[in-house]
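The values are calculated or read from the model by the stated rules, or taken from the named source; none is laboratory data. Computed from a predicted model, the values in this text were never measured in an experiment. Positions of Cβ are generated from backbone atoms using ideal geometry, with glycine treated the same way; all protein chains shown enter the neighbour counts.
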Amino acid sequence: MTQIERVNAVLGGRKPDRPPFSFWHHFPQDQVAGAGAVSAHLDQLNRYGMDVLKVMNDNPYPYVGRIERVEDLGSLSPLKGEEGGFGEQLAVLSALRSAIGTRVYMPTTVFNAWAVLRLLIAPPRMHHPPNLDSAADAPSRWIRQAYRENAEVVARAIQTIGVNLARFAAKCVAAGADGIFLSVRDDWVDAAETPGLYDRVVRPTDRAILAAVSEAPFNVLHVCGKAVNFRGFAEYPVPVLHWADRAAGPPIREAARWAKPALWGGVDNLVTLVSGTPQQVREEVVDAVHQAEGRPILIAPGCTFDPARVPRANLQALADAVGEDL
């Protein structure tokens, strides 16, 4: 099968010649935009023969300054979806599509409205694999406190960001992406003091972003962190559901029994990929396929990983394992 045929088989519930696979990580600053970003993505795609090119997006949301006070939320304004960092990402997508043609699906990362607001409050110096301890996330604590002080202002800010992200997502598809890889996380939002906040404020913006690209063939929902309401995310209208099945759960065996989207995961990005052996990586790939109990799945780590800590032999083991008789 070709790479596209292999993925389409899984999307259609048919067994491919082997499970499709991919993996991804944040690139250094000189490979976030422009030619550096294009080369970094192509090198990884071609080195390992991946079936999907998930395009990273660390170009900043177009906003001048930093959100420091609740009053600053009122400065968020409507955007066309092509300004600043949006435009940088669109250029990367266009160049990548020209380089690879139609041989693989190419979704691009879009962080949801809450995640974007976090980054405006505390811009990262560098991106790391996710911290599963949601209580340690200071920007989310700030947003929750701000919501308790002025719910209307916070809700309006998240809605404004969500509308802008929907416009950006549509332009990503127009630029050449086959869909978006929408990253969501509700354990940052639904803390003890703000139960149900995700449903009230954030989930509508998630759905608006997905609605803007509903005609794209390969939209992915990435459930980050330890989901409070995983089943709620599994009901989103996407063809593919990706999450850290080993580090955060639920296991593939459980989700395969009721989740409708195609499932994507299987390898522990925080432990096995970093400190395990190639054989242990292989065993997780085999186990993931067996957990699906005959249901075709895609294979990947549960989220990003630190490339400085992950041996290339482990990445090669993941790529080789999917080609075995599973």
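Looking at the range 184-197, is at least one residue closer than 19 Å to GLY84 by Cα and hydroxyl-bearing (Ser, Thr, Tyr)?
no
Of the residues in the range 240-255, how many are crowded, with 19+ Cβ neighbours inside 10 Å, touching a strand residue (DSSP E or B) at 6+ places or on another chain (Cβ under 9 Å) and not charged (D, E, K, R)? Working first, answer last.
The first filter runs over the range 240-255 and keeps only residues crowded, with 19+ Cβ neighbours inside 10 Å, leaving 240-248, 252, 255.
Filter once more, so that each one left must be touching a strand residue (DSSP E or B) at 6+ places or on another chain (Cβ under 9 Å): 240-246, 248, 252, 255.
Filter again for not charged (D, E, K, R), leaving 240-244, 248, 252, 255.
Count: 8.
Could you check GLU71 against (1) in contact with a Phe, Trp or Tyr (Cβ under 8 Å, 6 or more places away or on another chain); (2) within 30 Å of GLU149 (Cα to Cα); (3) of a type in the set (D, E, K, R) and say which number it fails?
GLU71 satisfies every listed condition except (1).
Counting only residues that are in contact (Cβ under 8 Å) with a residue 60 or more places away in the chain, crowded, with 21+ Cβ neighbours inside 10 Å, farther than 18 Å from ALA177 by Cβ and touching a helix residue (DSSP H, G or I) at 6+ places or on another chain (Cβ under 9 Å), how many does the range 77-122 have?
Residues flagged as in contact (Cβ under 8 Å) with a residue 60 or more places away in the chain, crowded, with 21+ Cβ neighbours inside 10 Å, farther than 18 Å from ALA177 by Cβ and touching a helix residue (DSSP H, G or I) at 6+ places or on another chain (Cβ under 9 Å) within the range 77-122 amount to 3.
Where the second residue is hydroxyl-bearing (Ser, Thr, Tyr) and the first is farther than 12 Å from HIS222 by Cα and lies in the range 240-251, which pairs have Cβ atoms under 8 Å and are six or more apart or on separate chains?
Final answer for the pair search is ARG246/THR272.
Restricted to the range 142-158, and to residues that are closer than 14 Å to TYR198 by Cβ and of a type outside the set (Gly, Ala, Ser), which residue is nearest to the chain's Cα centre (by Cα)?
ILE158
Among the residues of the range 123-141, write down those that are farther than 20 Å from TYR61 by Cα, free of Cβ contacts under 8 Å to residues at least 40 places away in the same chain, assigned to a loop (DSSP other than H, G, I, E, B) and not polar (S, T, N, Q).
Correct list: ASP133 only.
Do any residues in the range 189-215 that are closer than 25 Å to MET106 by Cα have Cβ atoms under 9 Å from those of residues that are at pLDDT 95 or above and acidic (Asp, Glu), where the two are at least six apart or on different chains, and which pairs are they?
Sorted first by the residue in the range 189-215, then by its partner, the pairs are ARG203/ASP186.
Taking the range 278-326, which residues are closer than 21 Å to PRO130 by Cβ, in a loop (DSSP other than H, G, I, E, B) and either within 22 Å of the chain's Cα centre (by Cα) or of a type in the set (Asp, Glu) (or both)?
Hits for the range 278-326 are GLY302, CYS303, THR304, PHE305, ASP306, PRO307, ALA308, ARG309, VAL310.
Residue-by-condition table, conditions (1) among the small types (Gly, Ala, Ser); (2) buried (at least 24 other Cβ atoms within 10 Å of the Cβ):
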site	(1), (2)
ALA216	yes, no
ASN229	no, no
TRP258	no, no
LEU263	no, yes
VAL286	no, no
GLN291	no, no
ARG295	no, no
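Tally time: how many residues in the range 219-246 are under 14 Å from ALA300 (Cβ atoms) and touching a Lys or Arg at 6+ places or on another chain (Cβ under 6 Å)? Let's see the steps before the verdict.
Taking the range 219-246 as the starting set, the residues that turn out to be under 14 Å from ALA300 (Cβ atoms) are 220-224, 240-246.
Subset that is touching a Lys or Arg at 6+ places or on another chain (Cβ under 6 Å): 224.
Residues flagged as under 14 Å from ALA300 (Cβ atoms) and touching a Lys or Arg at 6+ places or on another chain (Cβ under 6 Å) within the range 219-246 amount to 1.
Restricted to the range 175-223, and to residues that are within 18 Å of the chain's Cα centre (by Cα), part of a loop (DSSP other than H, G, I, E, B) and of a type in the set (Val, Ile, Thr), which residue is farthest from VAL154 (Cα to Cα)?
Among those residues, the one meeting the criterion is VAL213.
Each row is one residue, and each column tells you yes or no for (1) without any contact (Cβ under 8 Å) to a residue 24 or more places away in the chain; (2) touching a Phe, Trp or Tyr at 6+ places or on another chain (Cβ under 9 Å).
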{"position": "ASP268", "(1), (2)": "no, no"}
{"position": "VAL286", "(1), (2)": "no, no"}
{"position": "GLN291", "(1), (2)": "no, no"}
{"position": "PRO296", "(1), (2)": "no, no"}
{"position": "PRO301", "(1), (2)": "no, yes"}
{"position": "ASP306", "(1), (2)": "no, no"}
{"position": "LEU315", "(1), (2)": "no, yes"}
{"position": "ASP320", "(1), (2)": "no, no"}
{"position": "ASP325", "(1), (2)": "yes, no"}
